[in-house]
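The values are calculated or read from the model by the stated rules, or taken from the named source; none is laboratory data. Since the model is a prediction, treat every value here as computed from it, not as a measurement. A quick note on method: Cβ atoms are made from the backbone with ideal geometry, for glycine too, and the neighbour counts reach across all protein chains shown. Remember, those area values only see protein heavy atoms, side chains included, never the ligands or the DNA or RNA. Shrake-Rupley method; radii C 1.70, N 1.55, O 1.52, S 1.80 Å.
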Amino acid sequence: MSKSLTIGQVATAIGVSAHTRRYSDQAGLLGSIGRSGGGHRLYSPADLDWLQFVMRLKATGMPIAAIQAFSELRARGASTYGARRAMLAEHRGEVLSRLADLQANLAAITDKIAWYEAQENLAVRHDDRFPTHEQEKDSSWNTHSTSPAPVTTAMSKAGKN
């Protein structure tokens, strides 16, 4: 793409509203954008690449103030590479931490789904005699339980725990 793009074209290209695009300009995330003879913003391919990166930072949860600081460093040039790398490395650590939390929560949801599937299978086999209060004994979901349900395995039954 070698021609300049309007704000509407940029918004469509990166999948955001023109309002969101304007907010990015007002927040100082892009630096100076060229203008047409009529005063309309015209974005270069490099502007589009930078804006896509900014939107990616925003999508990963980087605060606007941090994106602004990163953008200011970028405007100062190559002498800020180390500072920008450090900012991204710190943000990566925060994203990895959130990912680990999400993975733990996903594992708990997956365990709960499996538990309900097992309970459904038992209910089908036992009809009305199935005790519905059994789910209260499920400690895999409630990690803050003060008295976790005992885990009995073949090893512990054989005294090899």
Result of the Cβ filter at 9 Å on region 37-56, keeping first residues that are in contact (Cβ under 8 Å) with a residue 12 or more places away in the chain and partners that are of a type in the set (Phe, Trp, Tyr) and open to solvent by less than 30 Å² (accessible area, probe 1.4 Å), at least 6 apart or interchain, is Leu51/Tyr43; Val54/Phe70
Say whether the condition of being surrounded by 15 or more Cβ atoms within 10 Å (Cβ to Cβ) and among the hydrophobic types (A, V, I, L, M, F, W, C) is met by at least one residue in region 97-115. yes
How many residues of region 64-88 are β-branched (Val, Ile, Thr) and within 12 Å of Ala27 (Cβ to Cβ)? The answer is 2
